[in-house]
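*Asks:* First, the structure itself, so that you have it in front of you.
What follows draws every value from the coordinates through simple rules; no lab data is involved. Keep in mind it's a predicted model, so treat the numbers as computed, not measured. Neighbour counts are summed over all protein chains in view; Cβ atoms, including those assigned to glycine, are modelled from backbone coordinates with ideal geometry.
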Amino acid sequence: MSFINYSNREINCKIVYYGPGLGGKTTNVEHIYENTPENIRGKMIKLATQTERTLYFDFLPLPLGEIRGFKARFYLYTVPGQVFYYASRKLILKDVDGIVFVADSQIDRMEANQASLDNMRADLREYGYDPDKIPLVMQYNKRDLPDAAPVEDLSRILNERGFPEFEAVATTGAGVLETLKAIARLVLRELQAGATR
Amino acid sequence: MAVQLVMYDEEHQKVLEVCGRLCQEANASVVFVIDKNGQLIASAGETNRLDSTSLASLVAGEIAATGGLAQLMGEKEFSTLFHEGVKDHIHISIVASRVILVVIFDSRSSLGLVRLRVRKRSEELGRIFEELSRRSSHRPSPLAEITDEDIDNLFSV
């Protein structure tokens, strides 16, 4: 849910990076953090286990610049991908404005991608969203791995609704900022459309 | 689904006033009002010594987790949380089921005093936010005037 503050002239939106465990959600957000100028970026918070697996969420406040005199600020969250963190994953999804689904391109992770997607769609429905209409961008991560499935297959299996899709290698940053820009655009357009409805 | 909370300057000033009064009456170091989504709405007191953006998201996460626990136990919500530190303590409460009131205090105050003052000012804040939620859905949003070009310009740098 976006929050518009006329007093501070700020528009705040929440974007969630969702997807199966070890898919690269945190790596995406880390790349964004590292590539945001130090003087404007906020602090990145990681609530992780000792082995660097996300336990609850990662959080990065990201100022994007001004739009019609309002400072656009995006709050990026990642969810814990592991199956048994279902309850906390669902909590992070509440009041979301846009989602980046980070799919793992490796063939043997296809089932995990599908399960995570189903999980997300069910939770969105429970929160009153239409999972077919929410601003969402598909990211096929780990394109550099030898066992990466062809994009056409990923698209056919995971993206039959035709959301914008991007290939990425989050470890090198390829495709990460493109994905972020795409979701930020979709969120603002949705808010704009909502405001005129 | 584009639900928006739109807050005008006048309401923001009212929230700031309540925060300021609570901070003074409770002898608190800092008072924050945070959206349940983790966005900072208003603050009063010694805010400079804290990273308020991080604090807001962590408190919202904590409230969300506690809400999950409450549901598991068949409770509607656990409306108050308290953390006791060596020097500083944090009192966290949910106001009108929609915003979070955070009071940080040290030995200059006490839990009893904070609870008493929070209760009183929560009612006031609750009224402001109930009114604001009601009005938000009828308000023209600044986003209605934004063009596709404005959005593209945001990314042209």
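*Asks:* Considering only DSSP beta bridges with both partners in segment A:1-127, what is the antiparallel share in %, to the nearest 5? All intermediate terms of the calculation are to be shown ahead of the outcome.
*Replies:* Details: 15 of 27 bridges.
Roughly 55 percent of the DSSP beta bridges within segment A:1-127 come out antiparallel.
*Asks:* In addition: Would you kindly work out the equivalent ellipsoid of segment B:69-112 from its C-alpha gyration tensor and give its semi-axes, the square roots of five times the eigenvalues, largest first in whole Å?
*Replies:* Numbers: eigenvalues 117, 29, 10 Å².
Whole-Å semi-axes of the equivalent ellipsoid: 24, 12, 7.
*Asks:* Restricting things to alpha carbons, tell me how big segment B:1-93 is in terms of Rg and Dmax, in Å.
*Replies:* 14.6, 45
*Asks:* Dimensions of chain A along principal axes (Cα, Å, largest first)?
*Replies:* 50, 38, 30
*Asks:* May I pose another question? Show that you can apply the helix-only estimate: for chain A, add -39,500 (n - 2.57) for every DSSP H stretch of four or more residues, divide by all residues, and state [θ] at 222 nm to the nearest 500.
*Replies:* Numbers: 5 runs with 64 residues, N = 197.
One gets -10500 deg cm²/dmol as the mean residue ellipticity at 222 nm.
*Asks:* Which values, in whole Å and largest first, are the semi-axes of the equivalent ellipsoid of segment A:123-197 obtained as the square root of 5 times each eigenvalue of the Cα gyration tensor? Working shown, then result.
*Replies:* Details: eigenvalues 138, 50, 19 Å².
Result for segment A:123-197: semi-axes of 26, 16, 10 Å.
*Asks:* Give me the Kirkwood hydrodynamic radius of segment B:105-157, using the inverse of the mean 1/r over all pairs of distinct Cα atoms, in Å to one decimal. Let's see the in-between values first.
*Replies:* Details: mean 1/r = 0.0657 Å⁻¹.
This gives a value of 15.2 Å.
*Asks:* What is the Cα radius of gyration of segment A:43-153 over 2.2 N^0.38 Å, N being its residue count? Show your work: numbers first, answer last.
*Replies:* Details: Rg = 15.6 Å, N = 111, 2.2 N^0.38 = 13.2 Å.
So the Cα radius of gyration is 1.18 times the expected 2.2 N^0.38 Å.
*Asks:* Angle check, please: helix B:9-25 long axis (alpha carbons) against the longest principal axis of chain B (alpha carbons), in degrees 0 to 90, nearest 10.
*Replies:* So the inclination is approximately 10 degrees.
*Asks:* Then there is this: Considering Cα pairs under 8 angstrom that are at least six residues apart, work out the relative contact order of chain B and quote it in whole percent. Could the numbers behind the result be given before it?
*Replies:* Details: 203 pairs, mean separation 41.4, N = 157.
That works out to 26 percent.
*Asks:* How compact and how long is chain B, expressed as Rg and Dmax of its alpha-carbon atoms in Å?
*Replies:* 17.3, 54
*Asks:* Using a Förster radius of 41 Å, what is the FRET efficiency between B:Leu113 and A:Val83 based on their Cβ-Cβ separation? Nearest 0.05, please.
*Replies:* On the way: r = 46 Å, r/R0 = 1.11.
About 0.35, to the nearest 0.05.
*Asks:* With axes computed from alpha carbons, what is the tilt in degrees of helix B:52-72 against the longest principal axis of chain B, rounded to the nearest 10 within 0 to 90?
*Replies:* 80
*Asks:* Next question. On average, how many beta carbons from a partner chain sit within 10 Å of the beta carbon of a residue in A:63-70?
*Replies:* Working: counts 0, 3, 5, 3, 8, 7, 1, 4.
For this peptide, the per-residue mean of nearby foreign Cβ atoms is 4.
*Asks:* Given the Cα atoms of the protein assembly as shown, and with Rh set as the inverse mean 1/r over their pairs in the Kirkwood sense, what is Rg to Rh to two decimals?
*Replies:* Radius of gyration over Kirkwood radius for the protein assembly as shown works out to 0.98.
*Asks:* Say the cut-off is 24 Å between C-alpha atoms; which of A:Lys71/B:Lys76; B:Lys14/B:Lys36; A:Lys25/B:Lys76 go over it? Let's see the in-between values first.
*Replies:* Values: A:Lys71/B:Lys76 36 Å; B:Lys14/B:Lys36 19 Å; A:Lys25/B:Lys76 32 Å.
Listed pairs above 24 Å: A:Lys71/B:Lys76; A:Lys25/B:Lys76.
*Asks:* Using the Kirkwood formula on the Cα atoms of segment B:60-147, what hydrodynamic radius do you get, in angstrom to one decimal? Let's see the in-between values first.
*Replies:* On the way: mean 1/r = 0.0660 Å⁻¹.
Computed over segment B:60-147, the radius equals 15.2 Å.
*Asks:* Nearest-5 percent of antiparallel DSSP beta bridges in the protein assembly as shown?
*Replies:* Values: 40 of 65 bridges.
Roughly 60 percent of the beta bridges in the protein assembly as shown run antiparallel, per DSSP.
*Asks:* Helix A:25-34 sits at what angle to the longest principal axis of chain A, using alpha carbons and giving 0 to 90 degrees rounded to 10?
*Replies:* So the inclination is approximately 50 degrees.
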